[in-house]
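Q: Mind having a look at this structure? Questions to follow.
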């Protein structure tokens, strides 16, 4: 089999010339890079639930955008940022309390989304809105959305770049950061707003509900592989782009073997993430420990000798 | 504050949620002094440290730190530092954050920065595990890395909250010896909280003894005495010295205090 045949098997005809595929690849990559970078901090800070909650609440904005015919990215963005600020401004110092606040806000946001989607369906009979908002329709993204998406992505990356060190320190331990004069609460607020940007980008790509997969998955995989922060961030971005493009390819090719119906891109992306995580989770720090801590003879940890 | 003093706590009282935690705490530390903050669990050690750090405002009295013109005047090693093994951070990354973790922007590789981090890691004998994830280090190794993080800017005052808890005996001795050496080398005053004073007896220049929200301070010999501790506790306490160790015993156990005193040598009184 020559290379030509192999490539044509891998990439169905028209893949590289299709306008929707190209738009999907660009926006998908932007969403994946931002989600990967932001995701590493989200996981380190133990805010995966907050990230998911922001996505759910932003779906209210996305469905409102459909109802009123405005740019869906702006809808997700506006609602997400609003939710981020209200979640952070509610003074909830205990983790359990914070969880409750997040949970209640999430419920309310999804409720509003349900209302808007219902109105979408009854007033304008756009039955596709629910699927698009919740699960994404990456091939249906108009090319006109690309500049705004890239702008939002660049803004999020710039913010992470500027906040990098104080954010890392306060994610590690708020007290250590506070001693160094880092405004820890402000850091938390700014970070959650950046999460809202990442989530909005993912929402138009894989849908609001599945954006958690793109936010947490590549970051989780990267944390298994990298042992320094910069490398973990880079790796998460690369893995994100790889699974996103891989998912687009599998979805595009699937039209061939599903008789023209095709599988949704979101499904393909999150399945690739799941499989990759399942493979990587077999390895990780546990193995590193065995390799890097050979016990030198005569030096035993945790010896309790008398005296 | 008097000349040579790095920290002055003057008649400081602290209330949390309307409950009085500390009353009229009064002591000071001079440059390079090594001081143990000794007290049973719940005696207010962490509250006192957090007050000195400025996280809690005293309801009366004052806390003054002489920064000596330095920006980073206080280093801090928190008590609870349970790191997830997946945290993508090597020992040297945490130490580097001690150097410039408050600065904006992504750190650019620089030979000067690298050299400072290497030197600091060497000072705490952490070079051997400098490139391992902190989450995978033993408790004693983590303490060394945290101490390096806190000291890399050469602060005049280093506060440590129960750094010896959960360490095996060999690590305890190692960490105490390290702190004693660094406090002299860097002329940094060390204030270290512990519920057991024994590992610190040979290292301490000064002891601050907390009980019932009050403190007695002075040299170990002046404070850890039957009369002083009895006055601090408000009932009779025996200080017993056996095999170079100090055991504080309540003769008549007063309700809940008894058990705690029998196990955790602790307490206080005003020392002239």
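Q: Consider all pairwise Cα distances in the stretch B:1-94 and report the whole-number % of them above 22 Å.
A: Values: 1732 of 4371 pairs.
When all Cα pairs of the stretch B:1-94 are counted, 40 percent exceed 22 Å.
Q: Kirkwood Rh and Cα-based Rg: tell me the resulting Rg over Rh for chain B, rounded to two decimals.
A: 0.99
Q: Kindly provide the helix-only [θ] at 222 nm of chain B, computed as the sum of -39,500 (n - 2.57) over DSSP H runs of four or more divided by all residues, to the nearest 500 deg cm²/dmol?
A: -8500 deg cm²/dmol
Q: Taking the Cα atoms only, what angle lies between the long axis of helix B:139-151 and the longest principal axis of chain B, rounded to 10 degrees?
A: Here the helix axis deviates by roughly 80 degrees.
Q: Further, regarding this structure: If each residue's Cβ is checked for other Cβ atoms within 10 Å, how do A:42, A:102 rank with the fewest at the top? Mind dumping the intermediate values first?
A: On the way: A:42 28, A:102 23.
Neighbour counts put them in this order, fewest first: A:102, A:42.
Q: Run the quick spin-label model on residue B:20 and residue A:257: label points 7 Å from Cα toward the beta carbon, then report their separation in nm to one decimal.
A: Reported label-point gap for residue B:20 and residue A:257 is 7.7 nm.
Q: On C-alpha positions alone, give me the angle between the axis of helix B:169-185 and the longest principal axis of chain B, in degrees, nearest 10.
A: Once rounded, one gets 80 degrees.
Q: Here is a further query. What is the antiparallel percent of DSSP beta bridges lying wholly in chain B, to the nearest 5?
A: Details: 25 of 43 bridges.
So the antiparallel bridges amount to about 60 percent of the total.
Q: Still on this structure: Between residue B:249 and residue B:11, what is the label-point separation in nm under the 7 Å Cα-to-beta-carbon projection?
A: 4.0 nm
Q: If all Cα-Cα distances of the stretch A:104-260 are sorted into 5 Å bins from 0 onward, what percent lands in each bin, rounded to whole numbers?
A: 2, 8, 12, 17, 18, 15, 13, 8, 5, 3, 1, 0, 0
Q: On a 0 to 90° scale, report how tilted helix A:48-68 is relative to the longest principal axis of chain A, with both axes built from alpha carbons and the result rounded to the nearest 10.
A: Approximately 20 degrees, to the nearest ten.
Q: Okay, next question. Just to be sure I understand: of the beta bridges DSSP finds with both ends in the protein assembly as shown, what percent are antiparallel, rounded to 5?
A: 60 percent
Q: Hey, another quick one. Using Cα springs under 10 Å in a Gaussian network model of chain B, which residue among B:147, B:38, B:56 shows the largest mean-square fluctuation?
A: B:56
Q: Now, a different point. How would you rank A:171, B:13, A:202, going from fewest to most other Cβ atoms within 10 Å of each one's own Cβ?
A: Working: A:171 24, B:13 16, A:202 34.
Result, fewest neighbours first: B:13, A:171, A:202.
Q: Applying 1/(1 + (r/R0)^6) with R0 = 56 Å to the Cβ-Cβ distance of residue A:26 and residue B:119, what FRET efficiency is obtained, to the nearest 0.05?
A: On the way: r = 47 Å, r/R0 = 0.83.
The calculated FRET efficiency here is 0.75.
Q: Run through all the Cα pairs of chain A and give the fraction in each 20 Å bin from 0, expressed as whole percent.
A: 31, 52, 14, 2, 0
Q: Right, something else. Quick check on the exposure proxy: order B:149, B:212 from fewest to most C-beta atoms within 10 angstrom.
A: Listed from fewest to most nearby Cβ atoms, that is B:212, B:149.
Q: Label-point separation (nm) for residue B:242 and residue A:186, each offset 7 Å from Cα along Cα-to-Cβ?
A: With each label point 7 Å from Cα toward Cβ, the separation is 5.6 nm.
Q: I'd like the projected area of the stretch A:20-70, averaged over all directions, using the convex hull of its alpha carbons. Report it in nm² with one decimal.
A: If you wrap the Cα atoms of the stretch A:20-70 in a convex hull and average its projections, you get 4.4 nm².
Q: Separate question: Take the Cα pairs of the stretch B:59-169, get the Kirkwood Rh, then feed it into Stokes-Einstein at 25 °C and 0.890 mPa s and tell me D in µm²/s.
A: 164 µm²/s
Q: Rounded to the nearest 0.05, what FRET efficiency is calculated for residue A:281 and residue A:146 with R0 set to 30 Å and r the Cβ-Cβ distance?
A: 0.30
Q: Further question on the same structure: Let me know the volume per residue of the alpha-carbon convex hull for the protein assembly as shown, in Å³.
A: Cα convex hull per residue, to the nearest whole number: 189 Å³.
A short reminder: the numbers here are calculations on the coordinates, not readings from a lab. Please read these numbers as outputs of a predicted model, since none were measured by experiment. Cβ: placed from backbone, ideal geometry, glycine included. Neighbour counts: every protein chain shown.
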